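In what follows, a structure is listed as structure tokens, so that the remarks can point back to it.
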Amino acid sequence: MVEKNASNVGYVARNLLLCLFLVTSILFVLSWFFVLHSTGHNRFLDYALLHKSILSTADDVNSGVSTRDNVEHYNGDRPDNVDGEMDGRERGDCRCEKKEKAPASLKVYMYDMDPEFHFGLLDWKPEGNSKRVWPDIQKYIPPYPGGLNLQHSIEYWLTLDLLASEYPDAPKAKAAVRVHNSSEADVVFVPFFSSLSYNRFSKVNPHQKTSRNKELQEKLVKLLTGREEWKRSGGRDHVVLAHHPNSMLDARNKLFPAMFILSDFGRYPPTVANLEKDVIAPYKHVIKSYENDMSDFDSRLILLYFQGAIYRKDGGFVRQELFYLLRDEKDVHFSFGSVKNDGVNKATQGMHNSKFCLNIAGDTPSSNRLFDAIASHCVPVIISDDIELPFEDVIDYSEFSVFVRASDALKENFLINLIRGISKDEWTRMWKRLKEVEKFYEFNFPSKEGDAVQMIWQAVARKVPTVKTRVHKSRRYSRTVTGPEKELSSLPIPRNFW
Ligand SMILES: *[C@@H]1O[C@H](CO)[C@@H](O)[C@H](O)[C@H]1NC(C)=O
């Protein structure tokens, strides 16, 4: 018995050893296989990338990227790839970035709408008889009109960014990419340049019954509500641009289930637009950026700067009252008249030379003055109780702005004492923060990491879960014909669809 047991133990031990040896060998062979496989794979990818970059660089040089005289509003940028010398190095960087962690891009489906809704408003026409809907922006970028039009030009920058996202040498900043299958998209982008349409075509000409702006909105509503994509979500996953407070005046009441991109909610009832579903985007500043700002608290001689129209309707009476309260302070600059083209230089000088810049509600809660102040590194003093600020879910404005309630600002000496009470250290902290955040309000083409274009797309992306919730909720009773949601009943959607 004892002997038998002993031989059994020996037998089991031998088998165990054999097993262990076999498993280790297999693992060893497998690991080599994986190592070889993965390095080979990477090398192939690298080669493909490099090869592609050389080819497209040559293409670009031949085609020649023309931006005409838009140096100012393109900030003089050309697509990086035009510069062959930069290419190798940049591509190296790009690979590292990708390995680190690239956040998933927002997938955007864009309607191929007739150019009359977008670049046609900029007098762009497809060459010859071609049915092209979009300009080939690698060759030619239709310029956007300058001056005050630019304030609301987000429609232009966002559309250009989507178009560029498809080119082989797309900008590296890629918060959004265009997709062509709407079922795979997070949101559906409606490329109507509504602010430009308002600015340029709201007048009714003698031979017309309605303005072109109105006509286009009617057409748009018809077009959208007839589309499968709209019907699928009741428009809730659509992104509609209406940055100018008066743009989309007719269509907004029909398209409101969509996500609007706005400057504020001043002229919207809360049912049509609200912070839950909509995105507030910055104005493009008209004051020149303060590059290489070496100023400090003492070198900025003006304490408080305001330039704007004074006698405004509605909420604008605060401006007038403040003027009377502040007019005897010798280091306060308070002047009237909006910043027209020739005034830009003077206003630029004034804001670059001021410690604080007033931003008072006018006939709407927001104005581009705030963004002028940020670009000037002039600490904004915001007196606008109903203002909504861009990206406030990720940016704490109190770090670089001073907020004053209108009712407080109108108390004798309240404002001036508050401002004079802010120490040099405190001001300097805010000034430094302004220099850090200013890039979030810059519109570039090609778009850059963390600029306004990227920030807006990211803000849209943060709304996607809300959009999905709303879409799913709206489908709860889709089997019953009666009882569509209240907000849908006013929509020109066939009632039985819901
Ligand atoms: C679009 O995407 C959906 C969902 O992924 C897929 O079922 C459909 O086949 C795609 N359509 C086309 C034309 O590729």
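Yes/no per residue for (1) outside any loop (DSSP other than H, G, I, E, B); (2) within 16 Å of the ligand (Cβ to nearest atom):
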| residue | (1), (2) |
| --- | --- |
| 159 | yes, no |
| 169 | no, no |
| 172 | no, no |
| 200 | yes, no |
| 209 | no, no |
| 216 | yes, no |
| 219 | yes, no |
| 232 | yes, yes |
| 244 | no, no |
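Since residue 113 meets every condition but one in (1) more than 16 Å from the ligand (Cβ to nearest atom); (2) modelled with pLDDT of 95 or more; (3) touching a helix residue (DSSP H, G or I) at 6+ places or on another chain (Cβ under 6 Å), which condition does it not meet?
(3)
Within the stretch 174-198, count every residue that is open to solvent by 10 Å² or more (accessible area, probe 1.4 Å) and away from the ligand (no atom under 14 Å from the Cβ).
Start the filter on the stretch 174-198 by keeping residues that are open to solvent by 10 Å² or more (accessible area, probe 1.4 Å), which leaves 174-175, 177-186, 198.
Checking which are away from the ligand (no atom under 14 Å from the Cβ) leaves us with 174-175, 177-178, 198.
The total comes to 5.
Report the residue count in the stretch 200-233 for those that are open to solvent by 20 Å² or more (accessible area, probe 1.4 Å) and touching a His at 6+ places or on another chain (Cβ under 7 Å).
0
Working carefully through the options 382, 360, find the one that is open to solvent by less than 20 Å² (accessible area, probe 1.4 Å), at pLDDT 95 or above and out of contact with any His (no Cβ under 6 Å at 6 or more places or on another chain).
382
Out of (1) free of Cβ contacts under 8 Å to residues at least 12 places away in the same chain; (2) more than 30 Å from residue 463 (Cβ to Cβ), the odd one out for residue 355 is which?
With respect to (1) free of Cβ contacts under 8 Å to residues at least 12 places away in the same chain; (2) more than 30 Å from residue 463 (Cβ to Cβ), residue 355 is out only on (1).
Going by the structure shown, is residue 240 within 16 Å of the ligand (Cβ to nearest atom), of a type in the set (A, V, I, L, M) and within 16 Å of the chain's Cα centre (by Cα)? Explain how you work it out, then say what you get.
Working: within 16 Å of the ligand (Cβ to nearest atom): no; of a type in the set (A, V, I, L, M): yes; within 16 Å of the chain's Cα centre (by Cα): yes.
Criteria not met by residue 240.
When residue 477 is evaluated against the numbered criteria (1) in contact with a Gly (Cβ under 7 Å, 6 or more places away or on another chain); (2) over 27 Å from residue 164 (Cβ atoms); (3) open to solvent by less than 80 Å² (accessible area, probe 1.4 Å), which criterion, by number, is the only one it fails?
(3)
Conditions tested, residue by residue: (1) small (Gly, Ala, Ser); (2) part of a helix (DSSP H, G or I); (3) over 25 Å from residue 260 (Cβ atoms); (4) more than 23 Å from the chain's Cα centre (by Cα).
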site	(1), (2), (3), (4)
370	no, yes, no, no
386	no, no, no, no
390	no, no, no, no
407	yes, yes, yes, yes
415	no, yes, yes, yes
422	no, no, yes, yes
431	no, yes, yes, yes
439	no, yes, no, no
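Counting only residues that are open to solvent by 90 Å² or more (accessible area, probe 1.4 Å) and within 30 Å of residue 146 (Cβ to Cβ), which one in the stretch 319-354 is modelled with the lowest pLDDT?
To start, the set of residues in the stretch 319-354 that are open to solvent by 90 Å² or more (accessible area, probe 1.4 Å) comprises 324, 327-328, 330, 340-342, 345-346, 349.
From what's left, within 30 Å of residue 146 (Cβ to Cβ): 340-342, 345-346, 349.
Values: 340: 63, 341: 56, 342: 64, 345: 86, 346: 88, 349: 93.
Of everything passing the filter in the stretch 319-354, 341 is modelled with the lowest pLDDT.
Residues that are open to solvent by 10 Å² or more (accessible area, probe 1.4 Å), over 26 Å from residue 113 (Cβ atoms) and aliphatic (A, V, I, L, M): does the stretch 234-256 have at least one?
Scanning the stretch 234-256 turns up no residue that is open to solvent by 10 Å² or more (accessible area, probe 1.4 Å), over 26 Å from residue 113 (Cβ atoms) and aliphatic (A, V, I, L, M).
From (1) open to solvent by less than 20 Å² (accessible area, probe 1.4 Å); (2) modelled with pLDDT under 90; (3) touching a helix residue (DSSP H, G or I) at 6+ places or on another chain (Cβ under 8 Å), pick out the condition that doesn't hold for residue 316.
Every listed condition holds for residue 316 apart from (3).
The values are calculated or read from the model by the stated rules, or taken from the named source; none is laboratory data. Note that this is a predicted model, so its numbers are computed, not measured. Don't worry about glycine lacking a Cβ; one is built from the backbone with ideal geometry, like all the others, and counts go over all protein chains shown. Calculation scope for accessible area: heavy atoms of the full protein, side chains included, ligands and nucleic acids excluded. Shrake-Rupley method; radii C 1.70, N 1.55, O 1.52, S 1.80 Å.
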